[in-house]
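Structure first, commentary second.
The values are calculated or read from the model by the stated rules, or taken from the named source; none is laboratory data. On a predicted model such as this, the values are computed, not experimentally measured, just so you know. As a convention, Cβ positions derive from the backbone with ideal geometry for all residues, glycine included, and neighbour counts pool all protein chains shown.
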Amino acid sequence: MRSSKQSPAATGADMAVAAPAEEPAGGVSRRSFLATGLAVGVGAGLGPLGQGAVALASGGSSNLTEGDAAILRFLAAAELLEADLWEQYNELGGIQDSELPGGKSIPAYVKALEVLDEDMPQYIHDNTDDEVSHHTFLNAYLESRGGEPVNLDRFRTLPSSEATGAQQIGRLTNLMQLTVDTTWWTRYRSSTMNPDLGGTFNPAVPGLLKGSFPAIPRNNADLGPEKHLQAIANTAGFHFATIEQGGTSLYPSLAQRVTDPEVLRVLLSIGPTETMHFQTWSDKAGNAPALTDPTNGLEFPDLNAPPFGGEEFKSNLIMPEPTIFLRKTLPPVSIIRPTKTHGAAMGAVKALTADGLFIGQQSAFFTALKEMAIEADAANRGS
């Protein structure tokens, strides 16, 4: 997951995620609508997902607050989506074993990933295993507290890669048409700007924002020429960090809204693992070789040369530079950024959508994901 950016036109009208509307003065409140209208409207068509939304809207039998349950459900859904994309990476570029069976890695793709780091297959495997554990735990924890777990199985309709080794099963996410935001590269290296205080940042790889690119081989034809396959591996390397820096921000942002101390403990215990993932991947992305893909013109620049390079932008600088926080009058401090809580869940949905991860998904998927984000962002401590 990642912080918000504008969705490209290629995502289509169904993929636009609007901000929640204000409650009408003197009319039916949004909460009242969710408790009644949702049961016969949106929720009625979403199977287990809709039933859970209705249960939460009406209070259900959960001993969690409505807000805490909504936050946990949104995070469980986000982790399900994250696990789905990581499982695709692991099938073709990671290690398949008793923990993560299925698929068969492609030696040429693995070799291209290993240009970024020789341990990439192990790291991909372990990141995948972590994300599976996150959604499994969050759903089990919801049930243990009387809440409704999240089930996205009806949306597993996107096609798999046709490359030899990929399982031919329905997917939740699409890794073959990505538009990758790499502004985290400059954001975490800036000592003077913070997105929570209006800072804006240039992408490390501008070309990845200008089209739709595969991060896994789409078919066996993508295994050559060599620079094309390396560009696919480079795209994956940057996408790994893009996804994980989103989770790095999402957990502390939503933790500020929870009520129950145990729920807070859950968020504060899972969130830092996303940060560990992000730091690993930001280090590996810095090893992506400079090249131009001969098939589509995608350029990966030398990150140690102008306009980057220098003390603050050298590629092995992977620890957050101290920057401004809360108020510009305070001294710089090394922090996760952003962590502003307003609209954090909806920002994550917009960013994942803009990434191209959901190209091909049905409109009901976006409706369901938006509803869960609205509920999570509406949560307030004590409610």
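The one condition from (1) more than 19 Å from PHE155 (Cα to Cα); (2) in a helix (DSSP H, G or I) that ALA348 does not meet is (1). When restricted to residues that are in a helix (DSSP H, G or I) and either within 30 Å of VAL132 (Cβ to Cβ) or among the β-branched types (Val, Ile, Thr) (or both), the range 163-213 contains 7. Just a yes or no: is a residue in the range 284-295 closer than 21 Å to LYS210 by Cα, small (Gly, Ala, Ser) and surrounded by fewer than 13 Cβ atoms within 10 Å (Cβ to Cβ)? Yes, that holds for at least one residue.
Take GLY60 and tell me if it is under 23 Å from the mean Cα position of the chain (by Cα), within 28 Å of MET346 (Cβ to Cβ), surrounded by fewer than 23 Cβ atoms within 10 Å (Cβ to Cβ) and modelled with pLDDT under 95. No, not satisfied.
Pairing residues of the range 138-151 that are in contact (Cβ under 8 Å) with a residue 12 or more places away in the chain and assigned to a helix (DSSP H, G or I) with residues that are among the polar types (S, T, N, Q) and surrounded by 17 or more Cβ atoms within 10 Å (Cβ to Cβ), at Cβ distances under 9 Å and at least 6 apart in sequence or on separate chains, gives ASN139/ASN151; LEU142/SER62.
Restricting the first member to the range 92-105 and to residues that are closer than 14 Å to SER160 by Cα, and the second to residues that are surrounded by 13 or more Cβ atoms within 10 Å (Cβ to Cβ) and of a type in the set (Phe, Trp, Tyr), the beta-carbon pairs closer than 6 Å and six or more apart or on different chains are LEU92/TYR109. Among the residues that make up the range 265-278, is at least one of them more than 17 Å from the chain's Cα centre (by Cα) and more than 19 Å from HIS135 (Cβ to Cβ)? Scanning the range 265-278 turns up no residue that is more than 17 Å from the chain's Cα centre (by Cα) and more than 19 Å from HIS135 (Cβ to Cβ). For LEU330, the conditions (1) touching a Ser or Thr at 6+ places or on another chain (Cβ under 9 Å); (2) of a type outside the set (Val, Ile, Thr); (3) free of Cβ contacts under 8 Å to residues at least 60 places away in the same chain are fulfilled apart from (1). No other residue among LEU85, LEU72 is crowded, with 19+ Cβ neighbours inside 10 Å, more than 21 Å from ALA233 (Cβ to Cβ) and of a type outside the set (Val, Ile, Thr) apart from LEU72.
Remark: ASN90 matches the filter, which requires a residue to be modelled with pLDDT of 95 or more and not in a loop (DSSP other than H, G, I, E, B). For the range 261-271, the set of residues classified as loosely packed, with under 14 Cβ neighbours inside 10 Å, of a type outside the set (S, T, N, Q) and free of Cβ contacts under 8 Å to residues at least 12 places away in the same chain consists of PRO261, GLU262, ARG265, listed by residue number. Taking the criterion of being among the basic types (Lys, Arg) and crowded, with 18+ Cβ neighbours inside 10 Å, the residues of the range 311-351 that qualify are ARG337, LYS350. From the list ILE336, ILE324, the one residue that fits, being among the β-branched types (Val, Ile, Thr) and closer than 30 Å to THR173 by Cα, is ILE336.
Flag: GLU262 does not match the condition of being at pLDDT below 95 and part of a helix (DSSP H, G or I). The set of residues from the range 190-230 being touching a helix residue (DSSP H, G or I) at 6+ places or on another chain (Cβ under 9 Å) and small (Gly, Ala, Ser) comprises SER190, SER191, GLY199, ALA204, GLY211, SER212, ALA215, GLY224. When you look at PHE213, is it closer than 15 Å to ASN174 by Cα, out of contact with any strand residue (DSSP E or B) (no Cβ under 9 Å at 6 or more places or on another chain) and aromatic (Phe, Trp, Tyr), yes or no? It is false that PHE213 is closer than 15 Å to ASN174 by Cα, out of contact with any strand residue (DSSP E or B) (no Cβ under 9 Å at 6 or more places or on another chain) and aromatic (Phe, Trp, Tyr).
Within the range 191-220, residues that are under 30 Å from ASN90 (Cα atoms) have Cβ atoms under 8 Å from residues that are in a helix (DSSP H, G or I) and at pLDDT below 95 in these pairs: SER212/ALA10, counting only partners at least 6 apart in sequence or on another chain. Within the range 327-338, the set of residues being part of a loop (DSSP other than H, G, I, E, B) and over 25 Å from the mean Cα position of the chain (by Cα) comprises LYS328, THR329, LEU330, PRO331, PRO332.
Does GLY93 meet the test of being more than 23 Å from ASN139 (Cβ to Cβ) and crowded, with 24+ Cβ neighbours inside 10 Å? Considered against the rule, which asks whether it is more than 23 Å from ASN139 (Cβ to Cβ) and crowded, with 24+ Cβ neighbours inside 10 Å, GLY93 comes out as yes.
Within the range 133-159, the set of residues being surrounded by 17 or more Cβ atoms within 10 Å (Cβ to Cβ) and within 19 Å of the chain's Cα centre (by Cα) comprises HIS134, HIS135, LEU138, ASN139, VAL150, ASN151, LEU152, PHE155, LEU158.
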